[in-house]
Amino acid sequence: MKKVSLSPKISTFPMPTAVISVGTGEEANLITLAYVGKVCADPPIVVVSIRPPRHSYQLIENHSEFVINYPTIDQLKETDYCGTRSGRNVNKWKELNLTREEASVVKVPMIKEFPWNMECTVINRIELGTHVCYFGKVVATHSDPKYIKTDSLDPEKFHFPAYIAGNYLEIKSGILEKHGFSIE
Ligand SMILES: Cc1cc2nc3c(=O)[nH]c(=O)nc-3n(C[C@H](O)[C@H](O)[C@H](O)COP(=O)(O)O)c2cc1C
């Protein structure tokens, strides 16, 4: 196989499309992020990376809390909207008819209409370059029960969007194999 060399900056495999809530009360804002991922199981730690010019940057800096709200594919328009408008100019909650739902631990509100919400408190931050990376300890997780099977996310029911190279993709059901299948 002959391979081509690519820029190290090229987008890699699909990333999530999550809408993050930051800030509290009337100031609370929504920002779509693709740079989101889990990095530790116990304690459960996730990372999100935000560029300092974003309106959301100062809000996460001020409050050191955030909520990751995962949409379904039916909520793609809301997701794109939150990633193409700034909270400096619009109230994204109001424009999209989204409801602020009180979180159980953090003061940042969750998106009621989105089926999966993870409350996080910032335990560390690293200035990496274009983005500041925040490490968040997950202090509570909530889901619409219809997406849960034996205490975890049912991948056959949860049709969520992913993002790669400027495109939204549907991660469809279709489990290939179970973890560890190569052992037998
Ligand atoms: C699919 C998608 C993924 C994005 N991922 C990020 C990201 O990981 N980090 C970031 O700083 N901005 C990201 N953005 C851009 C912000 O969401 C966008 O600039 C937004 O309008 C900022 O809102 P704010 O000014 O209200 O904070 C993404 C946008 C889209 C549409």
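Computed from the coordinates by the stated procedures, all read-outs in this text should not be read as laboratory data. Since this is a predicted model, take the numbers as computed values, not measurements. Methodologically, a virtual Cβ is constructed for each residue, glycine included, from the backbone with ideal geometry; neighbour enumeration extends over all protein chains shown.
Couple of notes before you dig in:
- Across segment 66-80, rounded Karplus estimates of 3J(HN,Hα) from the backbone phi angles (6.51 cos²θ - 1.76 cosθ + 1.60, θ = phi - 60°) give 7, 10, 8, 10, 9, x, 8, 4, 6, 10, 5, 5, 4, 5, 5 Hz, Gly and Pro being marked x.
- Ordering TYR168, TYR134, TYR147 by the number of other Cβ atoms within 10 Å of each residue's own Cβ, fewest first, gives TYR168, TYR147, TYR134.
- Length gained when the stretch SER86-CYS133 is fully extended (0.36 nm per residue, less Cα-Cα span): 14.9 nm
- A helix-only calculation puts the chain at -2500 deg cm²/dmol for mean residue ellipticity at 222 nm, using -39500 (n - 2.57) for each DSSP H run of at least four residues, averaged over all residues.
- Convex hull volume per residue in cubic angstrom - Cα atoms of segment 15-176: 124
- Between the listed residues LEU98, VAL47, VAL132, the Cα displaced farthest toward the positive end of the dipole of segment 15-176, a dipole computed from Cβ unit charges relative to the Cα centre, is found at VAL132.
- For the options ILE164, ILE20, ILE68, a Gaussian network treatment of the chain with springs between C-alpha atoms closer than 10 Å singles out ILE164 as fluctuating the most.
- Debye intensity ratio in log₁₀ form over the Cα atoms of segment 76-163, taken at each q of 0.13, 0.25, 0.26 Å⁻¹: -0.59, -1.30, -1.28
- Neighbourhood charge, 15 Å Cβ-Cβ cut-off, centred on LEU96 and excluding it, Lys, Arg +1 and Asp, Glu -1: 0
- Paramagnetic reach from VAL122 in segment 131-160 [backbone N under 20 Å; point 7 Å along Cα→Cβ]: 131-140
- Partner lysines for LYS94 [C-alpha distance under 20 Å; skip if fewer than 8 residues away on the same chain]: LYS77, LYS107, LYS112
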